[in-house]
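Here is the structure we will look at, set down as structure tokens.
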Amino acid sequence: MSTAIIDIEHVVKRYEMGDEEVYALRDVSLTIGSNEYVAIMGPSGSGKSTLMNMLGCLDTPTSGKYLFNGANVAEMNDDDLASIRNKEIGFVFQTFNLLPRATSLKNVELPLVYAGVSAEERTRRAQEALARVQLSDRMGHKPNELSGGQRQRVAIARAIVTAPSIILADEPTGNLDTKTGHDIMNLFRDLWKAGNTVILVTHEEDIAQHARRIIRLRDGRIESDITNHNHA
Amino acid sequence: MLRLSEFQESARIAWDSLRVNLLRSILTTAGIVVGVVLVVLMGWTIGGLNAVWEQTISIIGKDMLYIDKWDWTGGRNWRDVESRKDISLQQAALLKSRMESAEYVIPLARKWGGSVVKGNSSLMCSITGTTADYANTSAATTLAGRFFSPTEEHSADRVVVIGHGVYKSLYPDGNAVGSILKINGSPFRIIGVLQKQGFLFMDFIDNQVFIPMMAFRAVHGFFDRSFSVGLKCGSEAMLDIVRTEAIGHMRAIRNVPPDAPDDFSINEMKAFDQQAKNIRIGIWVVGMGLTILAFVVGSIGIMNIMYVSVTERTKEIGIRKAIGARRGSILAQFLIESALLCMAGALIAFPIAQGIVAGARFLAVDVLEQEWASVISPLIPLDLLGIAVVVSIIVGLLAGFLPALRASRLDPVEALRYEQ
Ligand SMILES: Nc1ncnc2c1ncn2[C@@H]1O[C@H](COP(=O)(O)OP(=O)(O)OP(=O)(O)O)[C@@H](O)[C@H]1O
Ligand SMILES: [Mg+2]
């Protein structure tokens, strides 16, 4: 077993809606090691995004323990969490979430800005990351001048530019057609093969089949957690 | 600590956002523009008053002391002053013979509420008899002609040097020198016109004419008259020495018992400093009130627009936080934006204020022909511009603080979910 990057135990996430309580996660325990490739599946509302946000340190559990690389996330303040998101985590969203007025290059540079990297170094590394997603010829384009697949590739370049420990993708192909979706999945596979840890949420069976491990959620609980032997 | 790259990014975003919403930004700064214009105008006005005041007291003479029965400031008890014995010409002459530290000792006889007659028109003014030494004071600087000479003084010639106010009233077309004025029925030939001296509340100084002491005696007499003595000290540094010496002599001459207070006053231009200061304070208080009002209104506008800006960019804030922007970065981004907004207001305000300043000066000097105003600067001083920029930035930071704080505390998950 590889070293654990993520170790959550008995995590609960509860939302208070007036006097009604909504449990997005009820008692989830999970360990994910280095260089794993995990797909999280489950019906709508089962808590997939909540779990991803938690893993990505965008959100903190109501109760339970979360060790990220051995450090207790529950005890961290906002700035510590921001620092982990910046250095250790690369996020890819269903809706891309690029800054609309910035070029591809600037979008990819952004995490490095918050890491305090010098302008020259930023540009160099952003160009490198864009090359890895085959977008060297679109560096000066703004998001609205790119196709959906290209936007998602810019987002992936942004996620990998800081060389994070893990890449988290919440339905990265949800807004793309099947063909483009497969191109994006090939990128994730390449990243995994290059040694990255990849965790993605998906609704689609054939997308999930890319992963080595498939976790299914239902009603905020892990329903099954299996190793996928016939991964693509 | 905010890293340099984050700071640059914040400044860039702020600048972008101002540019994109240019019209809205400009409108928002209206209150700040008014505030900065007021600050600048107030500073300029006070600076101008100082210049005018400086000019007044330097013309009249900062190095002059006047020994008088009367107190210029009216600070002493009126009855005590009233009951003082007159200063006689003999006492003035004794003082003159004893004084050592003063450059000139100049006796003066005054007839308040006298009048001069030119043809059919008569003008109320004060008549001063003095010696030719008066010509050595800065107050005797002439615009035309000259002051009277020792010869004219000794032979009690009927010559007169008129103050600027008298000149303006009686000779609106110029050409006063050589003309004849009647003083108490006697004809006097005008030999000089003094330059303007009194500004602000000191106008009365120009409403004065000077004639030789003995000519004064001939027209108004010395009976029942208290003389003054002007002491020219040569420099401001000498004031204290001359004052001390003069007090000693005067007490001896007038037999003042050792424990009694002086029965005369030593007046100097400084006496009017307080009044000048009060005017300045008045302007400052009114100006400050208006300025603060404008800035308060202005910063409410700025705060409002910054809240709008934060709301509009909730999603962007979420994205930035998701990829690692810390609270401080987001806070800085919005603080810089609002400081830039206010600074833009200051930049808009400068040409407006400069226009008003140039216009006001043009009106005073060229249209209303108030020459005294020409010492006031036609340009806004640079330090005022600096102060205005700093003040506007501070106002921007204060006004932007709450919206920026809200932005920095947004929950990243909520912010990412936000759709416009
Ligand atoms: N901020 C919130 N306030 C209240 N309830 C919330 C909040 N966020 C999520 N939930 C609830 O938590 C549950 C899990 O939501 P989550 O977004 O994790 O589902 P999901 O598995 O990602 O669904 P989908 O496949 O539709 O994206 C849902 O019932 C949702 O209504
Ligand atoms: Mg979801």
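If you take the accessible area of A alone, add that of B alone, and subtract the area of the pair, what total do you get in Å², probe 1.4 Å, to the nearest 100?
Working: alone 11040 and 20680 Å², together 29530 Å².
Summed over both sides, the interface buries about 2200 Å².
Restricting to Cα pairs below 8 Å that are 6+ residues apart, what does the relative contact order work out to for the range B:85-263? Please round to a whole percent. Intermediate values should be presented prior to the final figure.
Details: 336 pairs, mean separation 56.9, N = 179.
Relative contact order here is 32 percent.
For chain A, what is the mean residue ellipticity at 222 nm derived from helices alone (per DSSP H run of n ≥ 4: -39500 (n - 2.57); sum divided by total residues; nearest 500 deg cm²/dmol)? Don't skip to the end; give the middle numbers.
Numbers: 7 runs with 77 residues, N = 232.
My calculation for chain A gives -10000 deg cm²/dmol from helical runs alone.
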- [ ] With a 1.4 Å probe on protein heavy atoms only, tell me which residues of the range B:301-329 lose at least 40 Å² of accessible surface in the complex relative to the chain by itself.
- [x] B:Ile319, B:Arg320, B:Ala322, B:Ile323, B:Gly324, B:Arg326, B:Arg327
TODO: For the range A:98-115, state which residues have at least 10 Å² less accessible area in the presence of all protein chains than in their chain by itself, taking the probe as 1.4 Å and leaving out ligands, DNA and RNA.
DONE: A:Leu99, A:Arg101, A:Lys106, A:Leu110, A:Pro111, A:Val113, A:Tyr114, A:Ala115
TODO: Taking only the C-alpha atoms, wrap a convex hull around the range B:85-263 and report its volume per residue in Å³ as a whole number.
DONE: 129 Å³
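List the GluC sites (Glu not before Pro) within the range B:324-420 that fall in a DSSP loop (any state other than H, G, I, E or B) and whose Cβ has at most 15 other Cβ atoms within 10 Å.
Of the GluC sites (Glu not before Pro), the ones in loops of the range B:324-420 whose Cβ has at most 15 other Cβ atoms within 10 Å are B:Glu369, B:Glu419.
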Open item on the list: Can you compute the modelled spin-label distance between B:Met288 and B:Thr142, with each label point 7 Å from Cα toward Cβ, in nm?
Closed with: 4.8 nm
Task: Residue of B:Thr28, B:Thr311, B:Thr141 that the Gaussian network model of chain B assigns the largest fluctuation, springs spanning Cα pairs under 10 Å - done: B:Thr311
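Work out how much length B:Ser377 to B:His154 would gain on full extension: take 0.36 nm times their residue separation and subtract the Cα-Cα distance, in nm to one decimal.
75.8 nm
Show me B:250-256, B:390-396 ranked by packing, highest mean number of other Cβ atoms within 10 Å first.
B:390-396, B:250-256
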Task: Spatial separation of Cα centroids for the range B:182-251 and the range B:257-293, in angstrom - done: 23 Å
Task: Candidate residues B:His220, B:His154, A:His10: accessible-area rank, largest first, probe 1.4 Å - done: B:His154, A:His10, B:His220
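Where does each of A:91-103, A:18-30, B:265-277 land if you order them by average Cβ count within 10 Å, highest first?
Highest to lowest by the protection proxy: A:91-103, B:265-277, A:18-30.
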Task: Modelled FRET efficiency - R0 51 Å, A:Thr227 with A:Glu120, Cβ distances, 0.05 increments - done: 0.70
Open item on the list: Please compute the modelled spin-label separation between A:Ser29 and A:Thr95, points set 7 Å along Cα→Cβ, answer in nm with one decimal.
Closed with: 3.6 nm
TODO: Take every Cα pair under 8 Å in chain A that's 6+ residues apart, average their separations, divide by the length, and report that relative contact order as a whole percent.
DONE: 27 percent
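Where in chain A are the DSSP H helices whose alpha-carbon span along the long axis reaches 15 Å or more and whose Kyte-Doolittle mean is at least 0.5?
Details: long enough: A:104-115 (18 Å, 0.58); A:119-132 (20 Å, -1.55); A:148-160 (18 Å, -0.21); A:178-193 (22 Å, -0.74).
Answer set is A:104-115.
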Open item on the list: Give me the inter-chain shielding for B:180-186: mean count of other chain Cβ atoms within 10 Å, whole number please.
Closed with: 0
Open item on the list: Tell me the carbon and sulfur percent of the accessible area for chain A, rounded to whole percent, probe radius 1.4 Å.
Closed with: 45 percent
Task: Residues of the range A:37-65 buried by at least 30 Å² on assembly (accessible area, 1.4 Å probe, chain alone as reference) - done: A:Leu58
TODO: Leaving ligands, DNA and RNA out of it, work out the accessible area of B:Leu41 with a 1.4 Å probe and give it in Å² to the nearest 10.
DONE: 40 Å²
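What's the extension gain from A:Glu21 to A:Asn77 if we count 0.36 nm per residue and subtract their Cα-Cα distance? Display every interim value, and only then the final one.
Values: separation 56, 0.36 × 56 = 20.16 nm, distance 2.53 nm.
Length difference between fully extended and current span is 17.6 nm.
Whenever you get a sec, compute what percent of the accessible area on the range B:85-263 sits on carbon and sulfur atoms (1.4 Å probe).
On the way: 4190 of 8080 Å².
Whole-percent figure for carbon plus sulfur exposure: 52.
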Open item on the list: Is the C-alpha gyration tensor of the range B:191-280 telling us rounded, prolate or oblate? Criteria: a/c under 1.5 is rounded; beyond that, a/b larger than b/c is prolate, otherwise oblate.
Closed with: oblate
Task: Accessible surface ranking that places the most exposed of B:Ile292, A:Ile40 first, with a 1.4 angstrom probe - done: B:Ile292, A:Ile40
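For chain A, with every protein chain kept in place, what is the accessible area per residue (1.4 Å probe, Å²)? Display every interim value, and only then the final one.
On the way: 9950 Å² over 232 residues.
Per-residue accessible area for chain A comes out at 43 Å².
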Open item on the list: What are the membrane-span-like helices in chain B by this rule: whole DSSP H runs, Cα extent along the axis at least 20 Å, mean Kyte-Doolittle hydropathy at least 0.5?
Closed with: B:30-60, B:273-312, B:327-362, B:382-408
Task: Pairwise FRET efficiency - B:Ile279 versus B:Arg79, Cβ, R0 = 22 Å, nearest 0.05 - done: 0.15
TODO: Report the dimensions of chain B along its three principal axes from the alpha-carbon atoms, largest first, rounded to Å.
DONE: 102, 56, 35
Task: Virtual spin-label span in nm between B:Asp411 and B:Ile352, 7 Å along Cα→Cβ - done: 4.3 nm
TODO: Can you sort B:Leu379, B:Leu95, B:Leu2 by 1.4 Å-probe accessible area, starting with the largest?
DONE: B:Leu379, B:Leu2, B:Leu95
Open item on the list: Can you give me the solvent accessible area of B:Glu312 with a 1.4 Å probe, rounded to the nearest 10 Å²?
Closed with: 70 Å²
Open item on the list: I'd like the carbon and sulfur percentage of the solvent accessible area for the range B:271-365, probe radius 1.4 Å, heavy atoms only, ligands and nucleic acids excluded.
Closed with: 77 percent
TODO: Output the relative contact order of chain B, whole-number percent, from Cα pairs under 8 angstrom with separation of 6+ residues.
DONE: 28 percent
Task: Residue of B:Ala135, B:Ala325, B:Ala364 that the Gaussian network model of chain B assigns the largest fluctuation, springs spanning Cα pairs under 10 Å - done: B:Ala325
Open item on the list: Taking the Cα centroid of the range B:31-99 and of the range A:9-76, what is the distance between the two, rounded to the nearest whole Å?
Closed with: 81 Å
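Can you tell me the equivalent ellipsoid semi-axes for the protein assembly as shown? Use √(5λ) from the Cα gyration tensor, largest first, whole Å.
91, 25, 19
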Open item on the list: Between B:Ser169, B:Ser299, B:Ser115, where does the largest GNM mean-square fluctuation fall for chain B, given springs only between Cα atoms within less than 10 Å?
Closed with: B:Ser169
- [ ] For the range B:85-263, report the accessible area per residue in Å² (1.4 Å probe, heavy atoms, rounded to an integer).
- [x] 45 Å²
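How big is D, in µm² s⁻¹, for chain A by Stokes-Einstein at 10 °C and 1.306 mPa s if Rh is the Kirkwood radius over C-alpha pairs? Numbers along the way, then the final one.
Details: Rh = 18.1 Å.
Taking Rh from Cα pairs, D becomes 88 µm²/s.
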Task: B:Phe7 accessible area, assembled protein chains, probe 1.4 Å, Å² - done: 100 Å²
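The values are calculated or read from the model by the stated rules, or taken from the named source; none is laboratory data. All figures in this text were calculated on a predicted structure; none of them were measured in a lab. Counting neighbours? That spans all protein chains shown, and the Cβs are built from the backbone with ideal geometry, glycine included. Keep in mind that these areas ignore ligands, DNA and RNA; they rest on the heavy atoms of the full protein, side chains included. Shrake-Rupley method; radii C 1.70, N 1.55, O 1.52, S 1.80 Å.
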